[in-house]
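Data first, discussion second: the structure below is written as structure tokens.
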Amino acid sequence: MGRIQRLPSDLANQIAAGEVVERPASVVKELVENALDAEAGRVKVELDRGGVELVRVSDDGLGMDPDDALLSLERHATSKIRGKDDLFSLSTFGFRGEALPSIASVARVRLVTRPRGASEGTEVLIDGGCPAQVRPAGAAEGTSVEVRDLFFNVPARRKFLKSTGTEAAHVTEAVLVAALARPDVSFFLTRDGRSVRQWLRMATRRDRAAQVFEGERLEACVGERGPMRVEAHLGAPERARAGAVALHLLVNGRPVRERQLARAVAQAYGSVLEAGRYPIGVVYVDLPAAQVDVNVHPQKAEVRFADARPLFDAVTRELHAALARAFSLPALGASPRAWSVPRAAPAVDPAPARFVAEAMAGAPGDPWQLDPDSDPATQKSLAERTSVGAPAREPPGGPALFEGTGFYASLEFLAQVKAMYLVCAGPDGLYVLDQHAAAERVTFHRLRRAFASRTVTTQRLLIAEVVELLPTDVATLEERAADVAALGIELRAVGPNAVAVHAVPMLLARARPERIVRDLVAELGRAARRPFGDAADLVLATMACHGSVRAGDVLSREEATMLLRALDDVDFAGHCPHGRPVVTRIGYEELDRRVGR
Ligand SMILES: Nc1ncnc2c1ncn2[C@@H]1O[C@H](COP(=O)(O)OP(=O)(O)OP(=O)(O)O)[C@@H](O)[C@H]1O
Ligand SMILES: [Mg+2]
């Protein structure tokens, strides 16, 4: 007898489930997609205990007759494709015939279904892949699939599930994405018997986007290049987040996580978005089915494009035109530098920094993978952003800047220009400081010192500020409660998608509490699964950025002088914590030369 044997089908299904079914949200995604493929107009999702105990998805779609109901739970049984050519002209989410048998192999499943117009329904019970029981049953038209005790027979998997709050939040996300994909369908989400979300059918993608991103100002951008059409509803650059967690991409109506496409979208904002930050919103790219291969990823989260480069470029260009108008962005590729200092190292522009970081990183990282370890591009910027005392490049003006102490205090403050620059006279030339970069550097330094010694002074808010967040974000904040408190931020969850902020660090009193919390959430998201100590610098740097004097703030002579003095205390003052130069020098010889002396 040979050594090779065929695997029993329940084991084969469990192996397949390993790729398709990761958590309750993956079950929801598959079942909701099945409902949509069955032409449902209404889809209801119910969860108990984050979906670990129960997920039920009900639809008013086509339903199945008894034979189909039984077959639907068998591997490689599908009504959606017949032959190879169909793979390249898909109009359905599903095509593999794997989802239901995979789910049934790792949970207890009850499927109840009745075809439209039929007099009777069917019930199928299947337990961890064990033989199904079928019987006639009373049922509404459509299909309802109940999945209980997920991973009851795969303890190793069950152990990886997070808190019910986190799992429920992922489910909400899965339904939200489906809602973006299909504006013409109504979605209802119930958690432990309570209705938590409801997206009634809408006429257009634009209306659905507004409904899903309630309260956000989204800009509609529509463009076409050849056979490609792009429609996007995107937020303002200041609402951008670290990572692409709130940027949804749909290619031919299918939600995907394509990092290059996400970057193409971010690049449409030009230099105003820093490396690793992505706008919030939704982008629909539609192109001929033959130009996209959707059969490359077990969860169909990635696709492959026949002609990727030109496509991404076209997306960037098309979106840029509309975004630039809406948000007064600088032209793409232009570097808005009024004058340059020949001897100084080139100043760093955030946008080129992103391209450089990506180019150096080689393989681009996954902006949805919220672990900076796995994202080389993020890692690079992380290194830049935390390079205290270890400047990556020669500071402008040369090392002389940092010799001796009290250098900044010794500068003679002359004037503030454009509410942005502080112009000072020094012994060897004119010094121009970027007031925001300088203030940010000081705030960062002070915050960091206070955090290290656990002495962050807080300021209580007279009235707690309520900040609406994604449920995943609220769950993260709850999980990191101790770290958050150590940062000097006091907050409490008020419901599944909001927190109330009670206190903020005194040093950040100028920042809006909402901004502080959003920064915190974004950076914590990036730092997921890493020890908090590693993330703290990033959190502090981002908070310092928004809690400091900004471009546009008018400074008095006194404030400017205080800022100069404070800079002397900072370990390394040549760059702001985000890596932008704080100061630029024009030597007097250079001036002499320019005026032709
Ligand atoms: N809610 C539903 N209403 C009607 N038919 C359904 C429903 N869910 C599943 N089916 C039928 O069961 C079949 C198997 O579903 P399953 O999800 O396992 O595979 P699929 O959707 O064809 O492919 P994939 O594995 O890519 O999702 C489907 O092809 C469809 O005919
Ligand atoms: Mg399916």
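Please treat every number below as a calculation from the coordinates, not as lab data. Please read all numbers here as calculations on a predicted model, not as lab measurements. Note that each Cβ is placed from the backbone with ideal geometry, even for glycine, and that neighbours are counted across all protein chains shown.
Values computed for the structure shown
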read-out: Förster radius 41 Å - calculated FRET efficiency between LEU200 and ALA486 (Cβ-Cβ, nearest 0.05); value: 0.45
read-out: Neighbour-count ranking [beta-carbon atoms within 10 angstrom, fewest first] of LEU11, LEU462; value: LEU462, LEU11
read-out: Label-to-label distance, nm, for residues given as ILE81 and ARG96 (7 Å Cα→Cβ offset); value: 1.1 nm
read-out: Least to most buried among TYR588, TYR269 (fewest other Cβ within 10 Å first); value: TYR588, TYR269
read-out: Modelled FRET efficiency - R0 25 Å, ARG557 with ARG510, Cβ distances, 0.05 increments; value: 0.85
read-out: Order of ARG6, ARG512 under a 10 Å beta carbon neighbour criterion, fewest first; value: ARG6, ARG512
read-out: Size of electric dipole in region 205-327: Cβ of Lys, Arg +1 and of Asp, Glu -1, about Cα centre, debye, nearest 20; value: 120 debye
read-out: Lys/Arg +1, Asp/Glu -1 at C-beta; region 205-327 dipole; positive extreme among GLN291, GLY281, GLY243; value: GLY243
read-out: Two-site label geometry, ALA118 and TYR588: point separation in nm, points 7 Å out along Cα→Cβ; value: 9.3 nm
read-out: Whole-percent pair-distance distribution, where bins are 5 Å wide, for the alpha carbons of region 205-327; value: 2, 12, 24, 25, 21, 12, 5, 0
read-out: Two-site FRET efficiency, ARG449 against ALA156, from Cβ-Cβ distance with R₀ of 45 Å, rounded to 0.05; value: 0.55
read-out: Qualifying trypsin sites (Lys or Arg not before Pro) in region 49-146, DSSP loop, other Cβ atoms within 10 Å at most 13; value: ARG82, ARG116
read-out: Rounded, prolate or oblate (a/c below 1.5 giving rounded, otherwise prolate when a/b exceeds b/c) for region 1-114 by Cα gyration tensor; value: oblate
read-out: Cα gyration tensor, region 9-199 - rounded (a/c under 1.5), prolate or oblate; value: rounded
read-out: Cα-Cα over 26 Å, subset of LYS29/LYS162; LYS44/LYS162; LYS80/LYS162; LYS80/LYS300; value: LYS80/LYS162
read-out: Hits among aspartates and glutamates - C-alpha to C-alpha of LYS84 under 13 Å, sequence gap 8 or more where chains match; value: ASP293
